[in-house]
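Taking it in order: structure first as structure tokens, then the write-up.
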Amino acid sequence: MAIIALYYYLTIYLAGIFCVESQYIDYNTTGRIVAGKVNVHLVPHSHDDVGWLKTVDQYYFGGNNSIRGACVQNVLDSVMSALFEDKNRKFIYVEMAFFQRWWRQQSEAMKAKVKELVNSGQLEFINGGMCMHDEATPHYIDLIDQTTLGHQFIKDEFGQLPRVGWQIDPFGHSSVQAYLLGAELGFDSLFFARIDYQDRAKRLKEKSLEVIWQGSKSLGSTSQIFTGIFPRHYDPPDGFTFEINDVSPPIQDDILLFDYNVQDRVNDFVAAALAQANVTRTNHVMWLMGTDFRYQYANSWFRQMDKFIHYVNKDGRVNALYSTPSIYTDAKYAADEQWPLKTEDFFPYADHPNAYWTGYFTSRPAFKGYVRMLSGYYLAARQLEFFKGRSTAGPNTKKLADALAIAQHHDAVSGTERQHVASDYALRLSIGYIEAEKLVASSLAFLAESGSSIRQENTVTNFQQCPLLNISYCPPSEAILSDKKSLVVVVYNPLGWKREEVIRIPVSSEKVVVQDSSGREIESQLLPISNTTFNMRNKYVKAYLGKFPHETPRYWLAFSASIPPLGFSTFMVSGARQTGPSSTISLVHTLEEVTNKTIEVGQGSLKLLYSSDEGKLTHYVNTRSLVTTAVEQSYGYYSGNDGTDKDPQASGAYVFRPNGTFPIKSENQVPLTFVRGPLLDEVRQQINPWISQITRIYKGKEHAEVEFTIGPIPVDDGIGKEITTQITTTMKTNNTFYTDSNGRDFIKRIRDFRTDWDLEVNQPVAGNYYPINLGIYMQDNSSELSVLVDCSVGGSSLVDGQIELMLHRRLLHDDSRGVGEVLNETVCFLNGCEGLTIQGKYFVRIDHLGEGAKWRRTVGQEIYSPVLLAFTEQDGSNWMNSHISTFSGIDPSYSLPDNVAVITLQELENGKVLLRLAHLYEIEEDKDYSVVASVELKKLFPNKKISKVTELSLSANQERADMEKKRLVWKVAGSTEERKVVRGGPVDPAKLAVELAPMEIRTFLIDFNYLQMFSS
Ligand SMILES: [Zn+2]
């Protein structure tokens, strides 16, 4: 290289002597791929968080800049100008929530020019969901919905199909991302930055950062994707960042100025390129030219890249070009290389020996719960909108869809945003909910009144709903009832199969009677509302709604509801006459009042046994299946590390770094209370002043439901705490347990073990935590214990026979990963603020080995899609005569197979219907249900004539057949003969039956000959 350097110095020297004038340089930016050279793909990008330190809107318009100078509007404005200037320049854009905001403000002339940029490939949409979603804490249905929304926008406005998954920042990566939100979208590749530091070190050494990832056991090679992990992070190599205030030396190539540095900078470039080529297979490397909120003055980047491409290519040792991940992917594919196979997932993520990012699996549990609750509600609301018939004028689900979409961002549902940003997401969700609530009410009114004597142009029934039912706040059900004034309860079931549920609503009277749809009086039970619930109700209704509840209900009224698939049943609750039948008031007794050593709870097959001496659970007994297991349940906490020991790493919003484990002993101030009746038994425990729980055993169900109330977590001692619960058995589980991937596939976890490398264990607790969205289970040679959750949490099995869930966190130190705020959630009342109290549920069942899947899958779907309750008042008793009291949107003789769920049923703006069906089982998961299922579309849409069924990609932006034709077939190193993967066949247009193989999700666009369902 010395000769070349000498040549350059001579040039400068001679230029000086002969007074060559500084002049315009026409940079040659036309670089294209050159065979035989190391090709450096420069990918200009800006990572724009859809909310984090600032709200999504503040980031967009550049508000609140004292927190951070970030303005996405500047990014998009200046990038477009820079792209117009030189047609060789390229840029990728990822987050449609931002792009949509920008797009609607542009003139038609500007839109036309931007469309040209997109058509020519200068501007490429990558990923293309509304946000770059988190991969640990969202449910797969939310991931599909938010991606569909973004892809639809790109399709409608630009006619484009994103080809590449771009999950560069999320904190670990799920197998559902790889196969479902990757291959099933038709993506050719997936890229990201964050994997465990030990995993990365090994992959750098073995050149295995780029792999073929098979995320699904069931779908195997039919759903695999080329996956690239960046060697370091999603920013450029050191010395190549060019935002106006960045410190990298720009190329100074004006010979009349001092500090001329062209050759130095070319040398730097070549060195960085060769270093990366050394850890990368093939002669293509990708440089991520950008990072968070960059390109606010795009020219400062593009000017430097223009020069680098010009001078590096003149130098000739390596080749530089403007590129995109798609071009890079095609180059990798063309290289015809073999790639290592990757299975399972990339959880948990650690960037440092004491920094496992496993705290965020639980951070902001109330927000996680709210997101999950509205996710299920959104699914039901779209169904009801379809049954009523979409109207352009009335309320719709659009705002809720948008709010849910951005809530999936990797600093939203993950819980790693600042408090004011979390409040902003929650506000958006509640605005969306309120509109969807109106849609649901009007749809139910329409359906209840249809075909009835009172049917009019506009519905008259005013249905109310109770989003705060969990804390016993429900004004319509609390109203004083008489035999003249009854409460009408409509119970809607969003699942495709019939279900039986025990409905619980607060009532004020102790003499009530419940009638079913046919007017028959049915059994009902009154349970006194606990003091804990009252406290929550009084405080939180005030905090959330700004008003004190007027009525004070005395009881929970429980009754059994049988609800048809995709339909509703109606129940009438009235004041009972003095002499007539009435609800059974539960028997209530405390531990002190019993003399037996063992107390048996449960009216059906499931019995829980409690020791009266110790006041705790001792056994789980199922008298039908004859499963009997010794089991205990307890609470504990980790004290959050404050980062003052030799490693300054604290436990915070992202990172879980415990500094000691402490059991929470039941202080027994309040003895156990048993509440018993014909439908369910409850065991109420006040564990300590800030933890209480109610365990419910329903007569008709074979699982225990545990409702916990935790908070305010005391931190007066200056120690942050992370609250856990443990379910402990004597099962010999051999270090092994199973957790779900975004609520879908279960992945085998082995304590202190990783499939891909020899794990050096530094954090034996945090390093064994995994995200749980659906459930966690463990097995021994005779039985399996499963726990299902109602929203995402972190969990593990830290000792054999035990499952642990982290339910709440309150921490006093920031964990230095950027959020810059402590995770110390509070709620404010009139007289001050206190730590957030949360309430949630988990569900436990023990089965014989191999029999747990049925329960996990069926009840898992019921938990995701709870019944939707709507209330109205009725004078007199003629509701049932004048209204439709039971409804099913599908053929009355039909029900979906037990292994299939409808995960989308939505009428689109063009009147067509989007239908997604999901097989709920993996291969070999269940002997009866891990088989191909068939759904009869004619029976799913009984009153309509289907004229056309088109199968689409998962995000519904292209025909499935077209997508399959384009799919790249990669070579997998050491690939062995694979089991033949089964998938459902094409849909016969005459039979209209859809086959679904294990874990398959199929998406259809359905055209009807006529839409009016109730035209007769
Ligand atoms: Zn980010």
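The values are calculated or read from the model by the stated rules, or taken from the named source; none is laboratory data. Computed from a prediction, not measured in an experiment: that's the story for all the values here. A quick note on method: Cβ atoms are made from the backbone with ideal geometry, for glycine too, and the neighbour counts reach across all protein chains shown. When the accessible area is computed, the model is the full protein with side chains, heavy atoms only, and any ligands, DNA or RNA have been set aside. Shrake-Rupley method; radii C 1.70, N 1.55, O 1.52, S 1.80 Å.
Observations
- Estimated FRET transfer efficiency (Leu545, Lys398; beta-carbon r; R0 22 Å; 0.05): 0.35
- Sites Gln106 and Asn299, calculated FRET efficiency, Cβ-Cβ separation with R0 30 Å, nearest 0.05: 0.90
- Cβ-placed point charges (K, R +1; D, E -1), dipole of segment 306-345 about Cα centre in debye, nearest 20: 300 debye
- Dipole of segment 881-946, positive direction: furthest Cα of Ser885, Gly911, Asn899, with charges on the beta-carbon: Gly911
- With a 1.4 Å probe rolled over the protein heavy atoms of all chains, the accessible area of His139, His233 falls in the order His233, His139, largest first.
- Taking every C-alpha pair closer than 8 Å and separated by at least 6 residues, the mean separation divided by the residue count of segment 507-561 gives a relative contact order of 51 percent.
- Most positive-pole-ward Cα, Tyr492, His550, Leu469, against dipole of segment 405-563 from beta carbon charges: His550
- Using θ = phi - 60° in the Karplus curve 6.51 cos²θ - 1.76 cosθ + 1.60, the 3J(HN,Hα) couplings for segment 205-217 round to 5, 8, 6, 10, 6, 10, 9, 9, 9, 9, x, 10, 4 Hz; x is entered for Gly and Pro.
- Charge tally for Asn39 (other residues, Cβ to Cβ under 15 Å; Lys, Arg +1; Asp, Glu -1): +2.
- Centroid-to-centroid, using Cα positions, segment 271-297 and segment 317-369 are 14 Å apart.
- Accessible area of Asp57 in the full protein assembly, 1.4 Å probe (Å², nearest 10): 60 Å²
- Contour excess over end-to-end distance, with Cα ends at Glu959 and Ala990 and 0.36 nm allotted per residue: 9.2 nm
- Taking every alpha-carbon pair under 8 Å whose residues sit at least 6 apart, the chain reaches a relative contact order of 14 percent.
- Computed 3J(HN,Hα) for segment 703-712, one whole-Hz value per residue from the Karplus formula 6.51 cos²θ - 1.76 cosθ + 1.60 where θ = phi - 60°, is 9, 9, 10, 10, 9, 10, 10, 10, x, x, glycine and proline marked x.
- The chain - percent of accessible surface contributed by carbon and sulfur, probe 1.4 Å: 51 percent
- Gyration tensor (alpha-carbon) shape descriptor, segment 394-481, a/c threshold 1.5: oblate
- Prolate/oblate/rounded call for the chain, Cα gyration tensor, a/c under 1.5 rounded: prolate
- Acute angle (nearest 10 degrees) that the helix 325-334 long axis makes with the longest principal axis of the chain, alpha-carbon atoms: 70 degrees
- Surface accessible to a 1.4 Å probe, Leu968 within the full protein complex, Å²: 40 Å²
- Helical content of the chain, expressed as a calculated mean residue ellipticity at 222 nm, amounts to -7500 deg cm²/dmol (DSSP H runs of 4 or more residues, -39,500 (n - 2.57) each, divided by residue number, nearest 500).
- Linear extension gain, Val594 paired with Lys938, 0.36 nm per residue minus alpha-carbon span: 118.1 nm
- Under the simplified labelling scheme, the Lys202-Thr736 pair shows an inter-label distance of 1.9 nm, with each label point 7 Å from Cα along Cα→Cβ.
- Take every DSSP beta bridge whose two residues both sit in segment 188-299; close to 55 percent of them are antiparallel.
- Relative contact order of segment 65-171, defined on C-alpha pairs under 8 angstrom at six or more residues apart (%): 28 percent
- Among Ser582, Thr673, Leu759 - extreme Cα towards positive end, dipole of the chain, charges at beta-carbon: Ser582
- Residues with amide H under 5 Å from that of Ser517, placed H, sequence gap 5 or more: Thr570
- Principal-axis analysis of the Cα atoms of the chain puts helix 419-449 at an angle of about 50° to the longest axis.
- Nearest-0.05 FRET efficiency for Asn878 and Lys945, computed from C-beta distance (R0 51 Å): 0.90
- Placing +1 on each Lys and Arg Cβ and -1 on each Asp and Glu Cβ, with no other charges, gives segment 667-719 a dipole about its Cα centre of roughly 340 debye.
- 0 to 90° range, to nearest 10: angle between helix 365-388 axis and the chain longest Cα axis: 80 degrees
- Taking Cα centre as origin and charging only the Cβ of basic (Lys, Arg, +1) and acidic (Asp, Glu, -1) residues, the dipole magnitude of the chain rounds to 1720 debye.
- Nearest-10 value in Å² for the accessible area of Glu951, using the 1.4 Å probe: 50 Å²
- Derived scalar couplings ³J(HN,Hα) [segment 144-160; Karplus, 6.51 cos²θ - 1.76 cosθ + 1.60; whole Hz; x for Gly, Pro]: 5, 5, 6, 6, 4, 4, x, 5, 5, 4, 5, 5, 5, 8, 10, x, 9
- Solvent exposure of the chain amounts to 37 Å² per residue of accessible area, where only protein heavy atoms count and the probe is 1.4 Å.
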